[in-house]
Amino acid sequence: MAQDIIHLSTARARPVGAPPSKGDFVPPDTPGFSDQTIWMIAVRDHRDRAAFGRLFDHFAPRLKGFIMKTGVSAAQAEEIVQDVMLTVWRKSAQFDPHRAQVSAWIYQITRNRQIDILRKENRPMPEELKEEPGAESDASQIVGLEQEVSAVRRALSALKPDQRDMIEKSYLGELTHQEISAQTGLPLGTIKSRIRLGMERLRHELKDLKQ
């Protein structure tokens with residue numbers, strides 16, 4: 001499965017504005033449809049790998065963040081995302097843009113996959129997955145997550161480089177303080193101080209996010 005999704009997701013669309021080459025899918029005039037919906041239609045109707053590459057680039061990081069909010073590890077979240085996106089490719093014929101937004105459709109596939117895994121592992125179901133949401137709710141959660149991710153990125157960019165580097169290694173790279181010390185050669189006290197100061201700045205930058 002991993003080889004299939006890597007092969008598909010590495011396809012890339014031609015640069016915007018470049019003339020179409022032979023075999024390129026030229027999207028129809030679809031007023032009112034988002035770019036993501038147009039890409040999904042291209043995958044559904046033309047098995048367009050470049051369009052799928054764009055879908056993967058857009059949704060994979062958002063889905064990973066959403067899945068991790070339910071307590072799943074980064075590694076398992078990546079596996080679920082790959083499985084979900086491969087399902088999107090295989091079941092693209094089922095997508096109907098007049099019934100659901102593409103974000104809602106992909107979110108529902110993700111949700112169903114998470115529930116299947118939890119049931120197989122006999123684990124309690126997080127509150128986020130207990131209620132059956134509607135399509136509009138699904139889409140709004142994806143949009144909300146995207147806004148949160150953008151806010152966090154802006155906040156990180158405002159940090160001093162040494163603080164940002166320590167936080168990225170600790171929280172995004174999932175390294176322990178000891179592992180960071182071994183990797184950078186810095187003493188533990190310096191690492192802890194930079195992370196503490198960086199987190200204080202992040203909390204200040206993000207204080208309005210949940211209001």
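The values are calculated or read from the model by the stated rules, or taken from the named source; none is laboratory data. Remember, predicted model here, so these are calculated numbers, not experimental data. Neighbour counts are summed over all protein chains in view; Cβ atoms, including those assigned to glycine, are modelled from backbone coordinates with ideal geometry.
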| Failed item, numbered, when Phe25 is tested on (1) of a type outside the set (A, V, I, L, M); (2) modelled with pLDDT under 90; (3) assigned to a helix (DSSP H, G or I); (4) crowded, with 19+ Cβ neighbours inside 10 Å | (3)
| Which ones in the stretch 171-187 are among the small types (Gly, Ala, Ser), assigned to a loop (DSSP other than H, G, I, E, B) and at pLDDT 85 or above? | Gly185
| task | Considering only residues that are within 19 Å of the chain's Cα centre (by Cα) and among the polar types (S, T, N, Q), look in the stretch 136-159 and name the one that is modelled with the lowest pLDDT. | result | Ser137
| query | Could you give every pair whose Cβ atoms fall below 7 Å, whose first residue belongs to the stretch 48-73 and is more than 16 Å from Tyr171 (Cα to Cα) and β-branched (Val, Ile, Thr), and whose second residue is at pLDDT 85 or above and not in a helix (DSSP H, G or I), counting only separations of at least 6 or pairs across chains? | reply | none
| Yes/no for Pro133 being crowded, with 16+ Cβ neighbours inside 10 Å, modelled with pLDDT of 85 or more and outside any helix (DSSP H, G or I) | no
| task | Pick out the one residue from Arg194, Arg164, Arg153 that is assigned to a helix (DSSP H, G or I), touching a Leu at 6+ places or on another chain (Cβ under 6 Å) and not assigned by TED's automatic domain parsing to the domain that holds Arg62. | result | Arg164
| remark: Among residues of the stretch 49-91 being in a loop (DSSP other than H, G, I, E, B) and not polar (S, T, N, Q), the residue farthest from the chain's Cα centre (by Cα) is Lys91
| Every residue from the stretch 92-108 that is buried (at least 18 other Cβ atoms within 10 Å of the Cβ) and not in a loop (DSSP other than H, G, I, E, B) | Ser92, Val102, Ser103, Ala104, Trp105, Ile106, Tyr107
| note | Selection over the stretch 160-170 where residues are modelled with pLDDT of 85 or more and within 23 Å of Lys69 (Cβ to Cβ) yields a count of 1
